[in-house]
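Peer 1: Quick one: the structure is below, questions incoming.
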Amino acid sequence: MAAGDIEEFIQQNRQLAERIDAYRSLSETEKHWKCRREFILRNLSDYQDPQLDSLLALSMVWANNVFLGCRYSQELLDKVREMADGIVVEDAPVFKTRDEIIKQQQRR
């Protein structure tokens, strides 16, 4: 689904959208939530009720990696990146590891 498709889907499925909106964290910015909601909606058909908690956890892993720079196992990151394929995050922050910062400073 493209971003426009997501908005159209939400308009046509208000009850589902309201259910999904209940999973928004109080600390999430509108930008952060819009992207995480898209992640959830894109993958919802693969994670029905008994597995919904897994989808919500995966959405948090993806969002925390993209917006906060949190690091996870490569296997988990590969999975959530594949699930998020096609989601456009505008002005995503760029994070450097401690090792990258030290190497950069040693070159000076």
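Peer 1: Treating the angle as unsigned and between 0 and 90°, give the value, to the nearest 10°, between the Cα long axis of helix 52-63 and the longest Cα principal axis of the chain.
Peer 2: It works out to around 40 degrees.
Peer 1: In a solvent-free Debye calculation with one equal scatterer on each Cα, what is log10 I(q)/I(0) for the chain at q = 0.19 Å⁻¹, listed in the order of the q values?
Peer 2: Computed log10 I(q)/I(0) values: -1.01.
Peer 1: Multiply the residue separation of Q104 and L68 by 0.36 nm, subtract the distance between their alpha-carbon atoms, and state the gained length in nm to one decimal.
Peer 2: 10.8 nm
Peer 1: A further question follows. If V94, V66, V80 are ordered by their accessible area, calculated over protein heavy atoms with a 1.4 Å probe, which sequence runs from highest to lowest?
Peer 2: The most accessible residue leads, giving V94, V66, V80.
Peer 1: To continue, here is another question. Which GluC sites (Glu not before Pro) from segment 1-105 combine a DSSP loop assignment with at most 13 other Cβ atoms within 10 Å?
Peer 2: E90
Peer 1: Something else: Which order do R36, R108, R19, R42 take by accessible area at a 1.4 Å probe, largest first?
Peer 2: Order by accessible area, largest first: R108, R19, R42, R36.
Peer 1: So what does S25 come to for accessible area, using a 1.4 Å probe and Å² rounded to 10?
Peer 2: For S25, solvent-accessible area is about 40 Å².
Peer 1: Just to check I understand the Karplus step: with θ = phi - 60° and J = 6.51 cos²θ - 1.76 cosθ + 1.60, what whole-Hz values come out for segment 13-24, glycine and proline as x?
Peer 2: These are the phi-based 3J(HN,Hα) values: 10, 4, 5, 5, 4, 5, 5, 5, 4, 5, 8, 6 Hz.
Peer 1: I would also like to ask the following. Enter the accessible area per residue of the chain (Å², integer; probe 1.4 Å; all protein chains in place).
Peer 2: Each residue of the chain exposes 69 Å² on average to a 1.4 Å probe.
Peer 1: What is the percent carbon and sulfur in the accessible area of the chain, measuring with a 1.4 Å probe over the protein chains and ignoring ligands?
Peer 2: 47
The values are calculated or read from the model by the stated rules, or taken from the named source; none is laboratory data. Because the structure is predicted, anything quoted here is derived from the model rather than measured. As a convention, Cβ positions derive from the backbone with ideal geometry for all residues, glycine included, and neighbour counts pool all protein chains shown. Accessible surface areas use protein heavy atoms only, side chains included; no ligands, DNA or RNA. Shrake-Rupley method; radii C 1.70, N 1.55, O 1.52, S 1.80 Å.
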